[in-house]
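Just below is one structure, and these are the notes that go with it.
Just so it is clear, none of the values below were taken in a lab; they were calculated from the coordinates. Here the structure is a predicted model, which is why all the values come from computation and not from measurement. Cβ: placed from backbone, ideal geometry, glycine included. Neighbour counts: every protein chain shown.
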Amino acid sequence: MIDTAIRARSVSELVDAAFALYRRDAAAYIMVTAIASVPQMLVQLALLSQTGNPASGGFFVAQMALLVVSLLSYALMTGVVMVLGSQVYLGGEADVARSIRIVMPKLGSLIAASIMRAILGVLGLLAFLVGVFYVFARWFAVEAAIVLEDKDSSAAFARSSVLTDGRKWHVLKTLALGFLIYFVASIAAAMIGTMFSSQIVMVIVGTAFSIFAFPVVGLLMMLLYYDARIRAEGFDLQHMSQSMTPAAATP
């Protein structure tokens, strides 16, 4: 039985809950990440056909196309997975079509936010690497604020700063554990890809890994966002009071 109680959780409990939510509606998450990832894979395969002449116009166009499609893919996957997970976590059912409709108008904000955070991360590298951890700890909830609270990109950064105030170490430990698991699994997938000595197969294996594994990352960030709200604002009590009111709107 999946523990979907809305409560503050420890680092390991958050990771366990992310896997539990994933197992509950795995087909829905896999379908979403496949829709977002396959176009990116096709562009990568097209780019491989241009490697013989890096100076060609086709190579440059493929590189730009890959960048744009990668940004769209990440924004769509992250947003929809978070909305799907939120629906279940708050007591509803996973609705893929509704989640996509919610996220599509916010793709611009999601992409702008990811670019802004990447720039901040680069600046953090200049601060003896420590700044990178600070950037991701302080602004991890940007995507969640955009898709779950309907914030624009700039307001989402401010919102994430509020939620992580005094809780950055908890956030960082949770993200570190989640990404460590993801990283170890990605190494195993890469080793499988290299066994075939084919770049095309490696791209396909890497895409398949992302399709199956990425939802756990999105769910973990969604749960960590709610965990921060519970600790900062008593969101669990707010949600309980709303659920006891018959006329309350579903979040």
Looks like region 1-150, by Cα gyration tensor root eigenvalues a ≥ b ≥ c and the a/c under 1.5 rounded cutoff (else prolate when a/b is bigger than b/c, oblate otherwise), is oblate
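Over region 75-181, what number does the Rg to Rh ratio reach, with both radii from the alpha-carbon atoms and Rh per Kirkwood?
Values: Rg = 14.3 Å, Rh = 14.4 Å.
Rg/Rh: 0.99.
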What length, rounded to one decimal in nm, is gained on full extension from F128 through to A176, with 0.36 nm per residue of separation minus their alpha-carbon distance? 15.4 nm
Helix axis angle, 26-48 relative to the chain longest principal axis, alpha carbon, degrees: 30
Residue-by-residue Karplus 3J(HN,Hα) for region 181-187, coefficients 6.51, -1.76, 1.60, Hz, glycine and proline x: 4, 5, 5, 4, 5, 5, 5
For helix 199-233, what angle does its Cα long axis make with the longest principal axis of the chain, in degrees from 0 to 90 and rounded to 10? 20
Using only the alpha carbon atoms of region 90-152, find the Kirkwood hydrodynamic radius as the inverse mean reciprocal pair distance, in angstroms to one decimal. 13.1
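Direction-averaged shadow area of the convex hull around the Cα atoms of the chain, nm²? Present the calculation step by step, with values, prior to reporting the outcome.
Working: hull surface 59.9 nm².
Quarter of the Cα hull surface area: 15.0 nm².
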Whole-Hz couplings from phi, Karplus 6.51/-1.76/1.60, listed for region 118-128; x for Gly and Pro: 5, 4, 5, x, 4, 5, x, 4, 6, 9, 6
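Which peptide among 198-210, 74-86 comes first, and what is the full order, when sorted by highest mean count of other Cβ atoms within 10 Å? Write out the running numbers ahead of the final one.
Details: 198-210: 17.1, 74-86: 25.9.
Per-residue mean Cβ counts within 10 Å order the peptides as 74-86, 198-210.
Taking 1 over the mean of 1/r across every pair of different Cα atoms in region 152-251, what Kirkwood radius in Å do you get?
Numbers: mean 1/r = 0.0606 Å⁻¹.
Across region 152-251, the inverse of the average 1/r is 16.5 Å.
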If you fit an axis through the alpha-carbon atoms of helix 153-163 and take the longest principal axis of the Cα set of the chain, what angle between them do you get, 0 to 90°, nearest 10? 50
